[in-house]
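The values are calculated or read from the model by the stated rules, or taken from the named source; none is laboratory data. Note that the coordinates shown come from a computational prediction; the quantities given were computed from them, not determined experimentally. Cβ placement follows ideal geometry from the backbone for every residue including glycine, while neighbour counts extend to all protein chains displayed.
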Amino acid sequence: MKVLSNMEKRPRSSVEPAKVGAASFVIEEDILRHNLSVLKYVKEQTGCKMFQALKTWSTWPLFKITREYLDGTEVSSLNEARLGYDEFNHDVHMYAPAYSEAEFPKILNYCSTVIFNSFAQWEKFKPRVDARVSRTGKKIECGLRINPEYAGKDEHGGLWTPCAPGSRLGIRIDEFKAALAKNPRALDGIGGLHFHIFFDKTFEDLRDALGVIEERFGEYFSRMQWINFGGGQKITDDDYDVEGLIQLVNAFQKRHGVTVHMEPGAAIVKNAGVLVANVLDIVERDDVGFKIAILDMSFNAHMPDFLLSPELDMPVAGAEIVRDAAELKKHAHVYRLTGGTCVSGDQLGHYHAFQEPLKPGDKVIMEDAIQYNLVQCTMFNGVQHPAILLWKNGQLEGVREYTYQDYRARMG
Ligand SMILES: Cc1ncc(COP(=O)(O)O)c(C=O)c1O
């Protein structure tokens, strides 16, 4: 068995910021390929299947790279399903909390697997799936999402904790048993079960969660062909126990006679791209212990998760993160990074201490900038959408530039 060696740690960012003009997302091909190689290695050692979660990152011109390593896409809307089908390949696995009558027939055009959030949705749409299969001969797998009521450690107030109390996501064990008691054939036509319970968690978190999941739902697994472990695992981080994951997946598959599916999102683009921004102005206020840097980007428009969850850290090249206001005076050049919209709260919730004072024209390099940011960018305030660039062999390649026409087209 090939063991990932220290030589294969994730490469450091090598983008030369001076080569970047206005604020731009710069995806680094060598780091992207490194992350994908780790995922492919897990696939090779286990025979599991991996689908790219499009909700995390969907820069489709680069699917030609991700397609070399992964099996297909995981999608959660009709638009994502079509993008996966048209631009990646035809192995499109869809889950959504609920499907609409109007969209469902179109979803069946694009998806190879449809996962339902409840027995009610499954019963409602099963006849449509059966009719489509018998009319066209197309193979469409169906699955159910389970909710093992295992939240683990929740650092984000339930925002990204799918099994927190009150969550609408997935079928709980009591509901599962009740549905089968009412209709013993309720699982007829179901090929797999799906769970997605985490965000940014370790192998040990998965191992512990799996113990609980098997205890609650294990008796149904051997009736399935596949079990989908969802996303939320930081598999490509250097300190992730990849060999532990391989052993766990192999043992699980053997125990239950199933194929494991995984839907990595963040692990694909983790640290594989930066946002290079420019300092437009510096504002000094004598009532606070920091200076304010106004950048040619917007946290509201380009990094909304950092406003929703101010506890998230944004690593910046050459700067130390300062969270505690009492610590501010220990640093000579401490800044709050703010965006260029007129929203007063268009800023990060923490501070950055730099070695040298910032001045207009300086570059600020926000690291690990791709996951969940590019997909959520808006043109709020008419603010310029950062370009998407690819950093490859020491050169920049344009992937997408945004113009006034893009802004105008969204507004009417
Ligand atoms: C159903 C499902 N699968 C996969 C993912 C991808 O998760 P991550 O980007 O944390 O790996 C998500 C993220 O929310 C999800 O909801």
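Looking across segment 279-302 at every residue that is of a type outside the set (V, I, T) and touching a Lys or Arg at 6+ places or on another chain (Cβ under 6 Å), the one that is nearest to R336 (Cα to Cα) is identified as F290. If you check F252, F203, F229 for being more than 20 Å from the chain's Cα centre (by Cα) and either within 14 Å of the ligand (Cβ to nearest atom) or among the aromatic types (F, W, Y) (or both), only one passes: F252.
Pairs are defined by a Cβ separation below 7 Å, a sequence spacing of at least 6 or placement on different chains, a first member in segment 44-57 that is farther than 14 Å from N228 by Cα, and a second member that is within 13 Å of the ligand (Cβ to nearest atom) and among the hydroxyl-bearing types (S, T, Y); the pairs so defined are L54/T73; K55/S76; T56/Y372. The condition of being touching a residue at least 24 places away in the same chain (Cβ under 8 Å) and more than 26 Å from the chain's Cα centre (by Cα) holds for V334. For segment 248-265, give me the residue count where each residue is among the polar types (S, T, N, Q) and loosely packed, with under 15 Cβ neighbours inside 10 Å. Final tally of qualifying residues: 0. Scanning segment 255-305 for residues that are of a type in the set (F, W, Y) and within 16 Å of the ligand (Cβ to nearest atom) yields a total of 0.
Restricted to strands (runs of 3 or more DSSP E) entirely inside segment 340-412, those with at least 2 residues that are closer than 18 Å to A18 by Cα are 363-366, 387-392, 395-400.
Matching residues to (1) more than 30 Å from G398 (Cα to Cα); (2) crowded, with 19+ Cβ neighbours inside 10 Å:
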residue: N228; (1), (2): yes, yes
residue: D239; (1), (2): yes, no
residue: V269; (1), (2): no, yes
residue: L275; (1), (2): no, yes
residue: A293; (1), (2): no, yes
residue: F299; (1), (2): no, yes
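Among the residues of segment 170-190, just one is assigned to a loop (DSSP other than H, G, I, E, B), surrounded by fewer than 18 Cβ atoms within 10 Å (Cβ to Cβ) and within 29 Å of the chain's Cα centre (by Cα), namely R172. Screening T161 with (1) surrounded by 16 or more Cβ atoms within 10 Å (Cβ to Cβ); (2) modelled with pLDDT of 95 or more; (3) within 30 Å of D368 (Cα to Cα) gives one miss only, at (2). Residues that are in contact (Cβ under 8 Å) with a residue 60 or more places away in the chain and within 23 Å of the chain's Cα centre (by Cα) were ranked within segment 112-126; the one that is farthest from P97 (Cα to Cα) is T113. Residues that are free of Cβ contacts under 8 Å to residues at least 60 places away in the same chain and closer than 21 Å to R172 by Cβ were ranked within segment 127-147; the one that is farthest from the ligand (Cβ to nearest atom) is C142. The set of residues in segment 355-405 being of a type in the set (F, W, Y) and away from the ligand (no atom under 16 Å from the Cβ) consists of F380, W391, Y402, Y404. If you go through segment 141-158 and keep only what is at pLDDT 95 or above and either surrounded by fewer than 17 Cβ atoms within 10 Å (Cβ to Cβ) or not in a loop (DSSP other than H, G, I, E, B) (or both), you end up with E141, C142, G143, L144, R145, I146. So which residues in segment 1-22 are of a type in the set (A, V, I, L, M) and modelled with pLDDT of 95 or more? Result: V15, A18, V20, A22. One residue stands out among those in segment 51-109 that are within 11 Å of the ligand (Cβ to nearest atom) and hydroxyl-bearing (S, T, Y): the one that is surrounded by the most Cβ atoms within 10 Å (Cβ to Cβ), which is T73.
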